[in-house]
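Take a look at the structure set out below.
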């Protein structure tokens, strides 16, 4: 299926717009460029609305009702109509889908009123008449769209927001898994298996009815009824036990997961404690260091004086004069009661009197005093050594504070990762719960096995009783009923074999295709060897060393997830039972340059028709060169010069046209 | 029909042969189910057509 | 220690260390009592005194706050600093006058040091000490009792 023309009328910002979007085999890309908030996403949702009505609007952030998309200016002017129309080509035939509402004049700011009846029409373009195959009611027409074109839940793999597709790399939601099964056609087969089980029951009941009708053995018939009742009851018991086992397994899985998180959390708590202890020791060191610094600051006046002391220390003392020397010597000999003079003469009374006259009233020499004082201070305080101590103490102080800071940051980081987890009480509690869940699994499992064995016994007994009744009856009708019953069983087994064969054939093919696309798109090709898909449709990235990581853990950036998701969608597209256009809003989001180039080179391969709605920052003129050979048409959405609230779509002049 | 759909048909036809079922029965059932799968809520409306297919092909297999 | 100097720290003749920057909410209180950066007030005083002389910064603001009597200072290192500062300022003036000048230098030094502290969160002592080497070479020319011949 491809879209040939899009026409919108009074939808969002668009009073009216018609754009041909048909493509050829060689040129299969349509580019539509628009700055943000001009009407790009409005156009995207117009297409989804045309196909699916209100359901198509569900994925929008806040506008989920069709009336919220009616052009306000048009409604303010008067009564009118809003519609979106797609002309499509499907399996060689052309159709036109038109969907919309009549609305009433509504003042700006009020909720726009419609006539409440959505108009949906599918025209056969060959004759311009409504398509009879689609029926008369909107529900049958919608069924036609779902079955013939692209079903709604599968459309998420065809029409998507480039930034939003990261969710496919998260743990797949049930709805996504179901959609995947439907895309691949497995859903049809599993439905068939279920329905045939029911059909089998019908034929079994038919046979049983015939058996009872044709037999005259009332006693045996009664036994048969009783055993069949037991069989039904036993099947209920089995269903219940099966459910219990599944529930217990689920519970155990949950506890195991919680335990894992808590154990990891506990490791973090232990690490945090180690860091906290180290910090306490550091704080003690800091306190000691600060005491040392305080003490050294206490002598900082001497340290600041030290250069001056050095200078003074280098000064020369004025040598004493002869008189000063004689005076000093005489005084010394007198004070010490010398018997002999330094010249060797005996000191008698006469000489003593001469010596006393020599003693001068000497004035102290301040320069000499200062110098000698400074010498003694230097010798006592050792200022150079203290300066060196001060340097070390300051460096230690900075180092210790730095380490304390680093540790505090680490503790903060751990705390932010730990809210509500890992308390000492949690882990034993969870282990206990996990163990009990395991016990339940074993217990219910055992009961289930016993119940199944019992059922087999009942069925054996039923078989014997039926044989007994059959042997007494000679009836073609009964034989036919029995053969039909066996025939249905054979058909059921064939369907199961089909399912298994399809899984075994297609899943590896899908996996390989997704892997190949992924490796084409990815940046660091040596790091990865591909993608695996498990039975639950969860994707994992395969590393060069063989390890596997769920894709939601693979790359923290949405860019990396976008690559994985695109590869997955490309795979599903290829394998889908439906073909259709791929329409991408915001294709390149926040990707780096290499990923962007890889994706741009790949997009044209995604489908027979690819429509890309982009902003100028995502695909600039240089990027367009990559797409040059594939673009059929290039449009731009602009506002009207005199009416900035309204939008129009015009051909875009770019480097590639 | 897409390549994926073709593959399913291929497998179905192969299994039909292997299991010696009347030719076309599995495809007939599959086509019937295909119509239903796109409905939002599955109903039991496939019950009657399925039964009719079974009976029809059963009779065909008896004639062979 | 010379006899003149002995008198400054002798108990019999006492000089009080007075400052503008004492009392509650003062620089001395903040630095010594709150931040606990020095063991005692007189340690900070001594640093201020040396810094003031080094950079020739005086503060003649009214000195109302009493720190300690000079002769009561128990720390020999601080007494040595005060004695040396007295000697290099002693140009023969009256002792009391020289002591007053010392107190002005001390307050001037404290004021400047506090600006450094406010700006940097520390006194940056290693930098002050390193810078002082050059500054002393010039400053010494204006100081007393130092024989500059043959230096």
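General observations
- Every pair of residues 6+ apart whose Cβ atoms lie under 6 Å, when the first sits in the range A:126-137 and is on the phi > 0 side of the Ramachandran plot while the second is outside any strand (DSSP E or B) and surrounded by 10 or more Cβ atoms within 10 Å (Cβ to Cβ): none
- Taking the numbered list (1) without any contact (Cβ under 8 Å) to a residue 12 or more places away in the chain; (2) surrounded by fewer than 16 Cβ atoms within 10 Å (Cβ to Cβ) in turn, residue A:115 passes all entries but (1).
- Here residue A:273 fulfils each of the conditions (1) part of a helix (DSSP H, G or I); (2) surrounded by fewer than 14 Cβ atoms within 10 Å (Cβ to Cβ); (3) within 14 Å of chain C (Cβ to nearest Cβ) apart from (3).
- Flag if residue A:45 is under 28 Å from residue A:621 (Cα atoms), surrounded by 18 or more Cβ atoms within 10 Å (Cβ to Cβ) and either without any contact (Cβ under 8 Å) to a residue 40 or more places away in the chain or over 36 Å from the mean Cα position of the chain (by Cα) (or both): yes
- Candidates are the residues of the range A:307-327 that are touching a helix residue (DSSP H, G or I) at 6+ places or on another chain (Cβ under 8 Å) and not in a helix (DSSP H, G or I); the one that is farthest from the other protein chains (Cβ to nearest Cβ) is A:320.
- All of A:294, A:284, A:260 fail the test of being at pLDDT 85 or above and exposed (fewer than 15 other Cβ atoms within 10 Å of the Cβ), apart from A:284.
- Matching residues, the range B:1-34, being within 7 Å of chain A (Cβ to nearest Cβ), closer than 17 Å to residue A:504 by Cα and at pLDDT below 90: B:4, B:5, B:7, B:8
- Failed condition for residue A:138, given (1) touching a strand residue (DSSP E or B) at 6+ places or on another chain (Cβ under 7 Å); (2) away from chain B (no Cβ under 14 Å): (2)
- Which numbered condition residue C:140 misses (of (1) under 20 Å from residue A:369 (Cβ atoms); (2) part of a helix (DSSP H, G or I); (3) more than 7 Å from every other protein chain (Cβ to nearest Cβ)): (3)
- Criterion: in contact with a strand residue (DSSP E or B) (Cβ under 8 Å, 6 or more places away or on another chain), away from chain B (no Cβ under 14 Å), crowded, with 22+ Cβ neighbours inside 10 Å and under 26 Å from residue A:613 (Cα atoms) - qualifying residue of A:103, A:159: A:159
- Residues of the range B:50-64 that turn out to be modelled with pLDDT of 85 or more and facing chain A (nearest Cβ under 10 Å), as a count: 8
- For residue A:476, the stated conditions do not hold, so it cannot be described as out of contact with any helix residue (DSSP H, G or I) (no Cβ under 8 Å at 6 or more places or on another chain), within 14 Å of chain B (Cβ to nearest Cβ) and within 18 Å of residue A:202 (Cβ to Cβ).
- Number of residues in the range A:328-385 that are out of contact with any helix residue (DSSP H, G or I) (no Cβ under 8 Å at 6 or more places or on another chain), outside any helix (DSSP H, G or I), within 13 Å of chain C (Cβ to nearest Cβ) and free of Cβ contacts under 8 Å to residues at least 40 places away in the same chain: the value is 2.
- Scan of the range A:496-509 for residues that are within 21 Å of residue B:57 (Cβ to Cβ) and facing chain B (nearest Cβ under 7 Å), ordered by number: A:497, A:498, A:501
- Residue check: residue A:461 meets all listed conditions (1) more than 11 Å from chain B (Cβ to nearest Cβ); (2) closer than 30 Å to residue A:186 by Cα but one, namely (2).
- In the range C:1-116, counting only helices (runs of 4 or more DSSP H) that sit wholly within it, the ones holding 2 or more residues that are modelled with pLDDT of 90 or more span C:41-55, C:76-89.
- Answer from A:282, A:304, A:293 - the residue that is more than 14 Å from chain C (Cβ to nearest Cβ) and within 30 Å of residue C:130 (Cβ to Cβ): A:282
- Filtering A:559, A:589, A:546 for residues that are over 25 Å from residue A:182 (Cα atoms), more than 14 Å from every other protein chain (Cβ to nearest Cβ) and modelled with pLDDT of 80 or more leaves a single hit, A:546.
- Taken together, C:118, C:101 contain a single residue that is surrounded by fewer than 21 Cβ atoms within 10 Å (Cβ to Cβ) and closer than 28 Å to residue A:293 by Cβ, which is C:118.
- Residues in the range C:24-44 that are touching a residue at least 60 places away in the same chain (Cβ under 8 Å) and closer than 16 Å to residue C:66 by Cβ: C:27, C:28, C:44.
- Test result for residue A:497, in contact with a helix residue (DSSP H, G or I) (Cβ under 7 Å, 6 or more places away or on another chain) and surrounded by fewer than 19 Cβ atoms within 10 Å (Cβ to Cβ): yes
The values are calculated or read from the model by the stated rules, or taken from the named source; none is laboratory data. Source: prediction; values computed, not measured. When we count neighbours, we look across all protein chains shown, and the Cβ atoms used for this are built from the backbone with ideal geometry, even at glycine.
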